[in-house]
Structures are given as C-alpha cells and as structure tokens.
Amino acid sequence: MQLKSFDNTADLDLYAAQLFADALKKNPKATLGLATGSTPIGIYGKMIDMYQNGDVSFKYATTFNLDEYVGLTRDHKQSYAHFMQQHLFNHIDLPSEQTHLPSGNAADLATECSNYDRMLEEQPVDIQLLGLGHNGHIGFNEPDHSLQGGTHVVELEEATREANARFFDSIDEVPRQAITMGVGSILKASTILLVVKGADKAEIVKQALQGPIMTECPASLLQTHKNVIVLVDREAGRLL
Ligand code: GLP
C-alpha cells in the first residue's frame, strides 16, 4: 500500500486525476471505476481541465460507478447518475453508452445486480476511485458481520443516511436502500485509489489502514489488495 499526504487539496486532486489520465494514456480503452460523494468532486474538476486542455481523452474509456440509491430515477437531482452527469460526464468526451451505473429504479433489482456483475467481469476495472464513509464503508458496503462479494442491494445505516441528508431537503427523502458493488468486486480492480479528506475521517482512515482487517470496517479489506494507493490531505492523515 502506498500512502501519500498532501498539504493542499488542489495538489491531491491533480495527483489523483493524473493517475486516471496516465491509465488512459497507457490504454485509451481503460475501464475506470468511479465514485460519488464530496471527496471526488475536485478530482473530476481536474479531469475536466485536463480534457479541456487536450491532455486526455475519454472517448474510448468505459466507466463503472460503485453505487446508486434505490428508488431514485436517473434524473433525480440526488441520484448518483445525475451527480456523475453534473460533475464529470457532461463536460468530457465520454460517450454515454460507455458509462455504467447500477439502476436503483430497475423493476427487478436482483437481475440488475447480476447484470452489473456480468458487465464488470467482461470489462474488469483498471483503476478504481474510492471515497471512505465515516463508518468505514466503501461504495455502500456498510459494516456488518459478513460482507457480500458481488453487486447487491443494501440497507443503509442511519448514520449514512444522516451523513448524506445534507444533499437532500430532509432526511426523510434519503433512500433507505442502495445498490452497491460488493467488496469482492471492488477488490478485483487492478489498482485502487482511496482518497480521504478532512479531520472527521482521521480516525476511520487509521482504523481502515492500520487496524484489524474485519468486515465491521469494510475499508480494512483494502489491506488485502496488492495495489492500493491512498491519498490523504493533512487533516485526514494526521493519525497515520
Ligand atoms: C457515500 C458514497 C460513498 C462515499 C461516501 C463518503 O455514502 N456511497 O461512495 O465514499 O459517501 O462521502 P464523502 O466523500 O461525501 O465524505
């Protein structure tokens, strides 16, 4: 596991975006694993800058997102599909048919999950971006006595709903379920880029990277992967 700490968020964002650009330079058809939440927004901003400056093209890339809320339509303002349009897809040359998010609105969620896993098997992720939940979740894999490997429907923890309520008008509007890639699917990516920002994540990132490997802290399973790059800002990294 490589750990890099940054004094300045813009430098961290640029470094992360450059890793994606490098993957695309090496293989223009690379499969990129993408994430939502506030953490990646600046990274997507840098990717857009690089595209606009002619430094990178996403034309032949494929993307898979980690997760989506159940029950929100793609155009709902808080759906992750909408988030990706707003923060990245609308601003780059990535054809929409090459972007993938699980549909939280599918009539048959079990089939949606198995279809997503099949697509991931056909186009394995080269580089997967991950944020970190305050409870150690990655994607929407919540702490539990056991974890599911593949894409599945998950009941969101109240703490997660509360953390994400800031994006909704009220907590009652935050969905109770989500579809998420499983930890097993996430660990299949060739390279994993975990990005953690802010003092409020200092404890959990320490637990995830230096604590015991346990399903009660899903991110701790990243310790079993051979190619994880962790980028932290000074505040998040202060206990490491
Ligand atoms: C959500 C997402 C995660 C994300 C986490 C942290 O629950 N499903 O993928 O990593 O929140 O979000 P933030 O970056 O806003 O702290």
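When you go through (1) more than 11 Å from the ligand (Cβ to nearest atom); (2) not in a loop (DSSP other than H, G, I, E, B) one by one for residue 166, which number turns out not to apply? So residue 166 meets the others, but not (1). For the structure I just gave you, tell me whether residue 47 is modelled with pLDDT under 95 and either away from the ligand (no atom under 16 Å from the Cβ) or touching a strand residue (DSSP E or B) at 6+ places or on another chain (Cβ under 9 Å) (or both). So residue 47 fails the test.
Evaluate the following for residue 144: is it among the charged types (D, E, K, R), more than 30 Å from residue 217 (Cβ to Cβ) and part of a loop (DSSP other than H, G, I, E, B)? It is false that residue 144 is among the charged types (D, E, K, R), more than 30 Å from residue 217 (Cβ to Cβ) and part of a loop (DSSP other than H, G, I, E, B). Which of the residues belonging to segment 1-20 are small (Gly, Ala, Ser) and within 17 Å of the chain's Cα centre (by Cα)? Residues satisfying the conditions are 16, 17.
Yes/no per residue for (1) loosely packed, with under 14 Cβ neighbours inside 10 Å; (2) touching a residue at least 12 places away in the same chain (Cβ under 8 Å); (3) of a type in the set (Val, Ile, Thr):
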position	(1), (2), (3)
147	no, yes, no
159	no, yes, no
174	no, yes, yes
199	yes, yes, no
209	no, yes, no
212	yes, no, no
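Residues in segment 1-22 that are small (Gly, Ala, Ser) and closer than 17 Å to residue 65 by Cα: 2 in all.
Is segment 181-197 home to any residue that is in contact with a strand residue (DSSP E or B) (Cβ under 9 Å, 6 or more places away or on another chain), polar (S, T, N, Q) and more than 25 Å from residue 44 (Cα to Cα)? So far as segment 181-197 goes, no, none of its residues is in contact with a strand residue (DSSP E or B) (Cβ under 9 Å, 6 or more places away or on another chain), polar (S, T, N, Q) and more than 25 Å from residue 44 (Cα to Cα).
Out of 141, 115, 90, which single residue is surrounded by fewer than 18 Cβ atoms within 10 Å (Cβ to Cβ), modelled with pLDDT of 95 or more and under 23 Å from residue 41 (Cβ atoms)? Checking each option against the conditions leaves just 90.
Conditions (1) touching a residue at least 12 places away in the same chain (Cβ under 8 Å); (2) among the aliphatic types (A, V, I, L, M), marked per residue:
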residue	(1), (2)
53	no, no
61	yes, yes
109	yes, yes
126	yes, no
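Is it true that some residue in segment 64-72 is crowded, with 20+ Cβ neighbours inside 10 Å and among the acidic types (Asp, Glu)? Yes, that holds for at least one residue. Considering only residues in segment 104-137 that are away from the ligand (no atom under 15 Å from the Cβ) and part of a loop (DSSP other than H, G, I, E, B), the one that is nearest to residue 12 (Cα to Cα) turns out to be 126.
Of the residues in segment 18-44, how many are within 16 Å of the ligand (Cβ to nearest atom) and crowded, with 17+ Cβ neighbours inside 10 Å? Matching residues across segment 18-44 total 11.
In segment 90-103, what count of residues is obtained for those that are more than 16 Å from the ligand (Cβ to nearest atom) and in contact (Cβ under 8 Å) with a residue 12 or more places away in the chain? I'd like the intermediate steps shown before the answer.
Initially, segment 90-103 is screened for residues more than 16 Å from the ligand (Cβ to nearest atom), giving 90-99.
Remaining after also requiring in contact (Cβ under 8 Å) with a residue 12 or more places away in the chain: 91-95, 98-99.
So the answer is 7.
The values are calculated or read from the model by the stated rules, or taken from the named source; none is laboratory data. Quantities reported herein were computed from a predicted structural model and do not represent experimental measurements. In this analysis, Cβ positions are derived from the backbone assuming ideal geometry, glycine residues included, and neighbour counts consider all displayed protein chains.
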